[in-house]
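The structure appears below as structure tokens.
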Amino acid sequence: MRRHRRPGPAAYEFIAFLAAAKQHIWQVLPLGPTGCGNSPYSGASAFAGNPFLISLEFLSEWGWIAPERIAGQGGQSGPVNFEEVEWRKVKLLYEAAGNFLDRGSHDPKLALQWSKYQKFCHAEAAWLDDYALYAELRRQFSTGAWDGLA
């Protein structure tokens, strides 16, 4: 029986394969957060990444979320059911982020990641602060556009 590989580690394996094959280009869809209708061509940010592409496996390996919390996650092949991804994965991403934010500044195991996180936030503050506010308002009000807040 063949086991499906999870997207995060599989992507790294694919990149290693491309490098071994002396390939220099891997064309992908835009990697930003999707806009209305989950279209990658109607992105909500020119700078932010799509949270659906974050590997829960890596977050678990790093200690941000317990392995049992991500066990049994399905959806490894076929068309993406965006509603299911949002329902399942976003909850886990919020949990992992909350764990990191709660423990990162004082857990020695997370010290290097916490330092990188702080540097990233500082270096990218010109867009990150406004985007974080926009993303949270978009989540709270279930809208993809500012005019939906009126």
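The values are calculated or read from the model by the stated rules, or taken from the named source; none is laboratory data. Nothing here was measured: the structure is a model prediction, and the numbers come from that model. In this analysis, Cβ positions are derived from the backbone assuming ideal geometry, glycine residues included, and neighbour counts consider all displayed protein chains. Heads up: the accessible areas ignore ligands, DNA and RNA and are worked out on the full protein's heavy atoms, side chains in. Shrake-Rupley method; radii C 1.70, N 1.55, O 1.52, S 1.80 Å.
Could you give the length gained by full extension between residue 45 and residue 69, i.e. 0.36 nm per residue of separation minus their alpha carbon distance, to one decimal place? Write out the running numbers ahead of the final one.
Numbers: separation 24, 0.36 × 24 = 8.64 nm, distance 2.92 nm.
Working it through step by step, the gained length comes to 5.7 nm.
The order of 13, 86, 136 by accessible area, most exposed first and with a 1.4 Å probe, is 86, 13, 136.
On average, how much accessible surface per residue is there in region 80-141, in Å², for a 1.4 Å probe, leaving out ligands, DNA and RNA?
On the way: 4530 Å² over 62 residues.
Accessible surface, normalised per residue, equals 73 Å².
Were the residues from residue 139 through residue 127 laid out at 0.36 nm apart, the gain over their Cα-Cα distance would be 2.5 nm. The coefficient of translational diffusion for region 79-140, derived via Stokes-Einstein from the alpha carbon Kirkwood radius under 20 °C and 1.002 mPa s, stands at 158 µm²/s. With contacts taken as Cα pairs under 8 Å and at least 6 residues apart, region 10-100 reaches a relative contact order of 20 percent. Comparing 49, 66, 34 along the charge dipole axis of the chain, the residue lying farthest to the positive side is 66, per the Cβ-charge model.
Between residue 109 and residue 23, full extension at 0.36 nm per residue minus the direct alpha carbon distance yields a gain of 27.4 nm. So the label point goes 7 Å from the Cα of residue 38 along Cα→C-beta, right? Which residues of region 56-97 then have their backbone N under 13 Å from it? Zone members listed by number: 75-90.
Taking the Cβ of residue 52 as the centre, find all other residues whose Cβ is under 10 Å away and add up their charges (Lys, Arg: +1; Asp, Glu: -1). Please list the in-between numbers first.
Working: positive: 89; negative: 86.
Local net charge: 0.
On the accessible surface of the chain, probed at 1.4 Å, how many percent belong to carbon and sulfur atoms? Could you put the intermediate results ahead of the total?
Working: 6630 of 11160 Å².
The value for the chain is 59 percent carbon and sulfur by accessible area.
Give the lysines whose C-alpha is closer than 21 Å to that of residue 109, dropping any in the same chain fewer than 8 places away, or say none. Partners found: 119. Dipole magnitude for region 26-150: computed about the Cα centre from +1 point charges on Lys and Arg Cβ and -1 point charges on Asp and Glu Cβ, it is near 180 debye. Normalised by the number of residues in region 32-146, the average gap of Cα pairs under 8 Å and 6 or more apart makes the relative contact order 21 percent.
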